1. Do you know which of the residues in the stretch C:188-200 that are outside any helix (DSSP H, G or I) and at the interface with chain A (Cβ under 7 Å from one of its Cβ atoms) is surrounded by the most Cβ atoms within 10 Å (Cβ to Cβ)?
2. When residues of the stretch C:147-160 are filtered for being among the polar types (S, T, N, Q) and within 8 Å of chain A (Cβ to nearest Cβ), how many remain?
3. What residue, of C:GLY120, C:GLY144, is closer than 26 Å to C:ASP51 by Cβ, within 14 Å of chain A (Cβ to nearest Cβ) and assigned to a helix (DSSP H, G or I)?
4. Test each condition in (1) modelled with pLDDT of 90 or more; (2) surrounded by fewer than 23 Cβ atoms within 10 Å (Cβ to Cβ); (3) in contact with an Asp or Glu (Cβ under 7 Å, 6 or more places away or on another chain) for A:VAL442 and report the one that comes out false.
5. Of the conditions (1) among the polar types (S, T, N, Q); (2) within 25 Å of C:LEU20 (Cβ to Cβ); (3) within 13 Å of another protein chain (Cβ to nearest Cβ), A:THR370 clears all except one; give me its number.
6. Pick from C:LEU222, C:LEU203: which is touching a residue at least 12 places away in the same chain (Cβ under 8 Å), assigned to a helix (DSSP H, G or I), crowded, with 22+ Cβ neighbours inside 10 Å and not polar (S, T, N, Q)?
7. Could you run through the stretch A:389-443 and say how many residues are within 24 Å of A:ILE368 (Cα to Cα) and not in a helix (DSSP H, G or I)?
Amino acid sequence: MSFLLTATAVVPAVGAIATAAVPAAKKSAAKWTALLFSAATLVLAAVVLGRFDTGGPRYQLTESHSWIKAFGVRYEVGVDGIGVTLIALTALLIPFVIGAAWHDADALEDTRLGRRWRPTQGFFALILLVEAMVIISFAATDVFLFYIFFEAMLIPMYFLIGGFGDRSGGNTEQEAAKQRSYAAVKFLLYNLLGGLVMLAAVIGLYAVTADQIGGTFSLQEILSARQAGKLDLSGAGEKAIFLGFFFAFAVKAPLWPLHTWLPNAMGESTAPVAVLITAVVDKVGTFAMLRWCLQLFPEASKWAAPVVLVLAVISIIYGALLAVGQKDIKRLVAYASISHFGFIILGIFAMTSQGQSGATLYMVNHGISTAALMLVAGFLISRRGSRLIADFGGVQKVAPMLAGTFLIGGLATLSLPGLAPFVSEFLVLVGTFSRYPALGIVATVGIVLAALYVLVLYQRTMTGPVKAEVEGMHDLKVRELAVVAPLIALLLFLGFYPKPVIDVINPAVNQTLSDVHKKDPKPAVEAVHTKGGAR
Amino acid sequence: MNPVNYLYLSALLFTIGAAGVLLRRNAIIVFMCVELMLNACNLAFVTFSRIHGNLDGQIIAFFTMVVAAAEVVVGLAIIVTIFRSRHSASVDDANLMKL
Amino acid sequence: MENLIGALVAAPLLGAAVLLLGGKALDRIGHWLGTLLAGTSFVIGLILFADMLGRSGEHRAISTTLYSWVPVNSFQADVSFQLDQLSMTFVLLITGVGTLIHLYSVGYMEHDERRRRFFGYLNLFLAAMLLLVVADNYLLLYVGWEGVGLASYLLIGFWQHKPSAATAAKKAFIVNRVGDVGLSIAIMLMFTTFGTFAFTPVLASADKASEGTLTGIGLMLLLAACGKSAQVPLQSWLGDAMEGPTPVSALIHAATMVTAGVYLITRSGPIFNLAPDAQTAVVVVGTVTLLFGAIVGCAKDDIKKALAGSTMSQIGYMVLAAGLGPIGYVFAIMHLVTHGFFKAGLFLGAGSVMHGMNDEVDMRKYGALRKYMPITFVTFGLGYLAIIGFPGLSGYFSKDKIIEAAFAKGGTEGWIIGSCALLGAAITAFYMTRVMLMTFFGEKRWQPAPDADAAPSAEPAAEGHAAGEMPHPHESPWSMTVPMIVLAFGSVFAGFLFNLNDSFLKWLEPVTGHKEGDSPLSATTVTATTVTVMVIGVAVAWLVYGRKPVPVVAPKGSLLTRAARRDLLQDDFNHVAFVQTGSYLTRGLVYLDLKGVDGLVNGTAATVGGLSSRMRRLQNGYVRSYAVSMFGGAAVLVAATLLMRAVA
């Protein structure tokens, strides 16, 4: 029994309360409180990562209490290599999100509503609340516990998008407010619908287990009962329950054609909140596919894999093509993310160790690279007060550091070798190709489109003659540089030395693969290994 | 006399009451028609009690009377209050149940 | 010794990091630091070369593994290097020419305020290119492969404020990405076939794989080579890449990066040897490109674009030779090295001319420069003689061997590709003589410096000339002339040295293998024919451009000339086939996403909303209407109960 995971989730929750409790006049104190608590969470997450033994049992740092006895609901947490990596990613990104969002709530302070509602305190408290909920979702090993926090994080996100969103959309203040509330409601409705379907599936799962082993939601119990032959989920029921779970995760991830909420949500929120959506919250969706869909319903996952893979490839190409056609920087990044989520889902359902390790690594790398690109884009947008690509031009001349970091973020997004996303993208492609060559080839075409949307964006905003409105734009400030530089350093480090992360992920992936009874395809030829060659 | 005739009477009274509720506008009349329907039901209960030879129906009739008495108290109070504020006892003037 | 391979890559990488991250404090010494680190890398290369010469043929290759890079079960990628004779040749070419061009850039970029950054990018390029040639597996090669692409992107678009430069940079990167798809798929195919993608095991067990698979891998590698080496059909970016500063054109787009495709094909020799269909494809691509580039080179008035066409054409020769298999590998690499010398020299000469002529690039506005820029004239002239294959100079030896090998392929194909190669040699002589005559001979056709705004193509590197000022051609500073002189020496003597006792052949044979083809023509016949067509080419060019004055405004020209000026309509084709269709596709999809996918969801929502607002009208607030519905409902219930009874 270890309370470490609970502590990692409780600290940001306490931080949220503490931040919200800071008196109205002390804006800066609220910001520092939030930053402090997110840093403390990062320290705890580092301890979790340190305590995690890659050679140890599958779920570690477990904790289990009875919660709602009548329905067999337990408070059960524990992490495998995949969960621990994503908790670390979340804890890592939040301080940067807070740092980048430092002045985002200031404008609201001056509004009539702002003087009553203490927006600064609320904004940072909500961010910490999301962090706490996401960490619990990554750690939960009880279906019901997971479900509750999976759904609950919609509420703070709703307020972050609708209440603290981008004020530059539309032509007037009212139009911007209207777009924000539209985006927030759309986000909420899509995800609620997914959650509702999942709730039905959760109840269905309970009904099945109640029939056979006396109702439980515990992952461990379900898995061990199935291994002992006491529990048989197979049949049409398994497929229906799987689809219920998968639908919710596919909305959250998001997978084509359930993606349309993401461009609105990311476009209308401020850049740090957009990072929170795409780099942190959405990862719960893809993570849940790995933990819940594949482990609880291995047969149904294999049954659905061909369709899911095709949808994933459509996501990749479709998202990239739409990104090329966007006029709005943030929507462009959103569609690029849809393309990247396609890669992640492709890797998960290709059912090879390269694919799944690649997909998990992709979640981490995509989090970091999108954070880098989006946060710099946010700095850019806040300077000009517009997010339309056409409103920029020649920024490179006046703000070379801003342009340089933006380019590196963009190059990471297009998976340039040497930067972290390349490793994961290539693993996903290889993993897919070794089982489904045709899908692998089509997905590979996505890398050309990625180059197109990134470089067109860079060319239109950063190069060419300096536009009059851009003149006098100042370069990155110290705070902004402090936010972006570590992310870029991390991208470079993980690009050249991803082994530490892979070593944590790999055992968990191998166990997941053995759950679904899939082995990597064997090479056609036994290669001759001579001296000097790699193994 | 064949007790079934009482049932016919009960049905007739109920219909008259229902028609009154639906067609009249005056709240007092509507209220009286509701009473008429309740009493029609009472008559039916008592008749069935007699036909089947047990007391269940009569007991329910007493309950109904108690409920009806309570309803008259509350209902008349409401009607008087509405009349005071709106100077009308027409049910169509009080359409506040719509949101 | 093995550890030095890492240092080879690390030195310029360190330079790039320091120069790009370092602040303005480095502005004053940054260029010398960059040059020093490039030189360090060259010295390390020489030490390794001396060490390698100390061992006998078969034992010359050394390798070292730094660390495990991406280990996922059977997918094992290491950061490990291998240095054999083939890699060594490239290392010396890259660091040697690279150092010279760093030195040249010190003078050429003197007045550019972002010179430090320029040297940072150049160092980054060197590091990536060295990584490309010393990697011991295809995945690490891929890192270098895209790394040079990135450096090329940054350097082509170095003058980012010029829209044309930014566009050219983007185009180069994206076209190269198409090629990279080929390399990715080739690596994936290797992994699924052999379970590994390290050079040694893949190449050693190539004979166990089916021919279909090998052909697939070969064609994908060819696609990659086409992208990087500007071969048809992915050649369109090279001409535009001339937007970059001239030293970049010399280093990246003439001497080193663009030859990476030839390296890839030669390195993967054992795969191609077993896949004749893929080899045929390589030969066809090479032959088509060598003619394509030559024809384009004849029509361009921009000196750099004419040289770019020539580069394309010369790499076509190398690809052709590489496609011939063991008959040609050695000659492909030999031509690659000699071409590295003379083409870099020619580009540096062109840069020197532009430096002296207010950055004018139009050869019709040059003329008679030999008197004003003697060193440039002599070095450029020697490069010119080398490229046209003047007997005794570098190009003569290497190109002649390729033409011989082409005939030696035998059969009808041998005759076809041999004749094409000969035709190419004639055209090469023609367009190079044209460049030479238009630039250095004839009348002065100088024009006043154009208005900076009116001519966005003018390079802003040189000292700020006032608009309307006449050019004052002058010889360039020593930092620029020294590299030109050194390269001119290479252009003159390299071929001769390589052919002395077949030294180059013996050097590379252990790696690439070699076999003599049986040519239907004797070596002397081929040589004699080659020299003859060269002389014809020169003579025709003299008749057109030497005998009578060159018009300042280009004549309309024949249909072919006009097409060649537009790069044989390649961009027009790409525009219609990809850019336009692509933009319709994306615009259509954006519309569809809003109206279709999103519209479907919004439509459902609207239907539900409409339905409920209609239902809401039932709630009118009239007590009596509620009573009616209550009675109605009760009646329906009673009726239903009775009905059920009756049925039961």
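The values are calculated or read from the model by the stated rules, or taken from the named source; none is laboratory data. Because the structure is a prediction, the values reported are computed rather than measured. Glycine gets a Cβ as well: all are built from the backbone with ideal geometry, and neighbour counts include every protein chain shown.
1. Going through the stretch C:188-200, the residues outside any helix (DSSP H, G or I) turn out to be C:195-198.
Going one step further and asking which of them are at the interface with chain A (Cβ under 7 Å from one of its Cβ atoms), we end up with C:195-196, C:198.
Working: C:GLY195: 23, C:THR196: 26, C:ALA198: 28.
Checking each candidate, the answer is C:ALA198.
2. To start, the set of residues in the stretch C:147-160 that are among the polar types (S, T, N, Q) comprises C:152, C:160.
Next, only the ones that are within 8 Å of chain A (Cβ to nearest Cβ) stay: C:160.
Selection size over the stretch C:147-160: 1.
3. Working: C:GLY120 fails: closer than 26 Å to C:ASP51 by Cβ.
Going through C:GLY120, C:GLY144 in turn, the sole match is C:GLY144.
4. (3)
5. Only one criterion in (1) among the polar types (S, T, N, Q); (2) within 25 Å of C:LEU20 (Cβ to Cβ); (3) within 13 Å of another protein chain (Cβ to nearest Cβ) is unmet by A:THR370, namely (3).
6. On the way: C:LEU203 fails: crowded, with 22+ Cβ neighbours inside 10 Å.
Criteria check complete, one pass: C:LEU222.
7. Our first condition is that a residue be within 24 Å of A:ILE368 (Cα to Cα); within the stretch A:389-443, this holds for A:389, A:395-396, A:399-432, A:443.
Restricting the remaining residues to those that are not in a helix (DSSP H, G or I) gives A:399, A:414-419.
Residues flagged as within 24 Å of A:ILE368 (Cα to Cα) and not in a helix (DSSP H, G or I) within the stretch A:389-443 amount to 7.
Residues checked against (1) within 16 Å of A:ALA451 (Cα to Cα); (2) at pLDDT 90 or above; (3) surrounded by fewer than 24 Cβ atoms within 10 Å (Cβ to Cβ):
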residue: C:ALA135; (1), (2), (3): no, yes, no
residue: C:LEU139; (1), (2), (3): no, yes, no
residue: C:GLU146; (1), (2), (3): yes, yes, no
residue: C:LEU150; (1), (2), (3): yes, yes, yes
residue: C:LEU154; (1), (2), (3): yes, yes, yes
residue: C:PRO163; (1), (2), (3): no, no, yes
residue: C:PHE173; (1), (2), (3): yes, yes, no
residue: C:ASN176; (1), (2), (3): yes, yes, no
